[in-house]
Amino acid sequence: ASAGMDHIIHLWDAETGQKVGKPLKGHRNYITSLSWEPLIKMRKERRLASSSKDKSVRIWNTEGQTCLLHLTSHTASVTKVLWGGEDLVYSASQDRTIKVWEPETGRMVNELTGHAHWVNCLALSTDYVLRTGCFEHTQKVFDSSTSQGQAEMKAYAL
């Protein structure tokens, strides 16, 4: 899958390099991130999550090429979406929050707050710790070996 500034998601055949089906349309601004449902959780249809500067996350059925859910609780651009192995979807935003969603119902199950600036990236580890990164405009760096620095690293146990 690929997406970008045209607000459209294109699906591709990895073996032939050819587009598959029709484009997935629905976002009203740049698409910032895509995340596939993990294969271990996959149902008969492949699902894909997308985030956008339109402040939303969408869950797509790529087989039927339809939008299953439109998640709209963020108040600023969504910068990253990540599908976790425990069947939750995480979204990070310029509103300084991380929201945790049930992809079956669209229900927000948690909201993580505390960042002083935009949350630009997310990573999940196998020890069920969500690691986040925020924009640090002062260019100060956190030194984990000495625990010195102005930028604070956040880790949330899930």
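Residues that are modelled with pLDDT under 95, within 15 Å of the chain's Cα centre (by Cα), closer than 26 Å to ASP87 by Cβ and among the hydrophobic types (A, V, I, L, M, F, W, C) do occur in segment 17-36. Could you grab me the full set of residues in segment 74-110 that are outside any strand (DSSP E or B), over 17 Å from ARG43 (Cα atoms) and in contact with an Asp or Glu (Cβ under 9 Å, 6 or more places away or on another chain)? HIS74, THR75, ALA76, SER77, THR97 - these are the residues of segment 74-110 that are outside any strand (DSSP E or B), over 17 Å from ARG43 (Cα atoms) and in contact with an Asp or Glu (Cβ under 9 Å, 6 or more places away or on another chain). For TRP83, state whether it is within 18 Å of GLY4 (Cβ to Cβ) and touching a Leu at 6+ places or on another chain (Cβ under 9 Å). It is false that TRP83 is within 18 Å of GLY4 (Cβ to Cβ) and touching a Leu at 6+ places or on another chain (Cβ under 9 Å).
Does segment 84-98 contain at least one residue that is under 20 Å from ILE8 (Cα atoms) and among the basic types (Lys, Arg)? No - not one qualifying residue is present in segment 84-98.
For segment 8-28, state whether one or more residues are open to solvent by less than 40 Å² (accessible area, probe 1.4 Å), among the basic types (Lys, Arg), outside any loop (DSSP other than H, G, I, E, B) and closer than 23 Å to ALA92 by Cα. No.
Looking only at segment 123-152, residues that are crowded, with 16+ Cβ neighbours inside 10 Å and either among the β-branched types (Val, Ile, Thr) or modelled with pLDDT of 85 or more (or both) come to 1 in all.
When segment 83-95 is filtered for residues that are surrounded by fewer than 22 Cβ atoms within 10 Å (Cβ to Cβ) and at pLDDT 95 or above, the ones remaining, listed by number, are GLN94, ASP95.
Among the residues making up segment 37-66, those that are open to solvent by 50 Å² or more (accessible area, probe 1.4 Å) and farther than 17 Å from THR97 by Cα are LEU39, ILE40, LYS41, MET42, ARG43, LYS44, ARG46, GLU63, THR66. There is at least one residue in segment 59-69 that is under 24 Å from SER125 (Cα atoms) and part of a strand (DSSP E or B).
The values are calculated or read from the model by the stated rules, or taken from the named source; none is laboratory data. Since the model is a prediction, treat every value here as computed from it, not as a measurement. When we count neighbours, we look across all protein chains shown, and the Cβ atoms used for this are built from the backbone with ideal geometry, even at glycine. In case anyone asks, the SASA skips ligands and DNA or RNA and just uses the protein heavy atoms, side chains included. Shrake-Rupley method; radii C 1.70, N 1.55, O 1.52, S 1.80 Å.
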